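Peer 1: The structure's right below; bear with me while I get my questions together.
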Amino acid sequence: RRGARILTALGNDSSAYGEFNEAEGYYQKAITMDPEYIPARLRLVHLLRHLGRLDKAWAMLRQTQELGLPALPPQWRAGIAEARGSLLAVEGELGAAEQAFREAIEHSPYYANPYIGLGWIYLHRKDGDEAYDWLNKARALLDRFGAGPLYQVWNGLGMAQLLRNSRSDYFFVTARVLCKGPQSRPYQLIAHHGLAS
């Protein structure tokens with residue numbers, strides 16, 4: 001397990017710097033070393049989704065679910081449900097994605113990612129109030145419990161403010177300040193800030 005954790009951490013670092021092939025290799029090695037280490041499997045699912053390899057992402061998620069969902073710790077069950085929601089959202093199945101994100105929250109109410117997922121679903125639905133509420137819950141969790149994709153949350157809050165016909169520049173500026181490194185897609189923040197201006 002310790003080796004799988006180290007390899008997963010190396011995969012996370014590689015992914016953060018845009019070295020996706022290296023990241024995939026680290027996650028695969030972690031899974032080979034410890035086939036039941038769910039975080040490595042979920043990171044690989046998210047990486048494959050990010051790369052547009054949805055068939056492989058779904059296959060990895062199905063294999064992960066077959067490891068015995070009821071016996072897994074709540075945070076891992078939440079991670080599986082959130083990964084399913086993210087894949088469904090990419091495929092445009094927003095209703096099913098919403099259900100998966102809500103399931104993730106039931107498993108682990110202090111896990112911020114499903115709140116972010118719900119926020120982005122409501123942004124797609126152009127419901128600024130609901131999007132703002134979900135993203136604000138995610139912001140509060142990340143502020144309280146530590147690191148996470150905070151720049152994405154502030155970026156989403158800015159988009160929600162636009163939908164609400166409210167000032168959004170503060171949110172985009174905050175997102176831009178939080179935006180560090182290539183993994184944060186600063187071009188999105190700059191474009192959204194331009195829209196707000």
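Peer 1: Within region 81-103, work out how many residues are out of contact with any Leu (no Cβ under 7 Å at 6 or more places or on another chain), hydrophobic (A, V, I, L, M, F, W, C) and more than 27 Å from ARG164 (Cα to Cα).
Peer 2: Adding up the residues that qualify gives 1.
Peer 1: I'm checking my understanding of the structure. Among residues of region 1-53 that are among the hydroxyl-bearing types (Ser, Thr, Tyr) and over 23 Å from PRO73 (Cβ atoms), which one is least open to solvent (accessible area, probe 1.4 Å)?
Peer 2: It comes out as SER14.
Peer 1: Across region 47-70, which residue is nearest to ALA23 (Cα to Cα) among those that are assigned to a helix (DSSP H, G or I) and small (Gly, Ala, Ser)?
Peer 2: Applying the filter and picking the extreme gives ALA57.
Peer 1: Return the pair list, or none, for Cβ contacts closer than 6 Å from residues in region 122-151 that are closer than 20 Å to SER166 by Cα to residues that are open to solvent by 50 Å² or more (accessible area, probe 1.4 Å), at least 6 apart or on different chains.
Peer 2: As it stands, the answer is TYR122/GLU130; LYS126/LEU163; GLY128/LEU163; GLY128/ARG164; TYR151/LEU178, since those pairs meet every condition given.
Peer 1: Now, a different point. If I ask for residues that are open to solvent by less than 70 Å² (accessible area, probe 1.4 Å), within 22 Å of ALA104 (Cα to Cα) and of a type in the set (Gly, Ala, Ser), which ones from region 132-175 would you list?
Peer 2: Selection gives ALA138, ALA140, GLY146, GLY148, GLY156.
Peer 1: Can you name the condition, by its number, that ASP129 falls short on among (1) of a type outside the set (Phe, Trp, Tyr); (2) under 14 Å from the mean Cα position of the chain (by Cα); (3) surrounded by fewer than 22 Cβ atoms within 10 Å (Cβ to Cβ)?
Peer 2: Here ASP129 clears every test but (2).
Peer 1: Just to check your reading of the model, which residue among HIS124, HIS107 is surrounded by 19 or more Cβ atoms within 10 Å (Cβ to Cβ) and not β-branched (Val, Ile, Thr)?
Peer 2: Being surrounded by 19 or more Cβ atoms within 10 Å (Cβ to Cβ) and not β-branched (Val, Ile, Thr) holds for just one of HIS124, HIS107, which is HIS107.
The values are calculated or read from the model by the stated rules, or taken from the named source; none is laboratory data. From a predicted model like this one, the values you see are computed outputs, not experimental measurements. With ideal geometry, Cβ positions are generated from the backbone for all residues, glycine too; neighbour counts draw on all protein chains shown. Remember, those area values only see protein heavy atoms, side chains included, never the ligands or the DNA or RNA. Shrake-Rupley method; radii C 1.70, N 1.55, O 1.52, S 1.80 Å.
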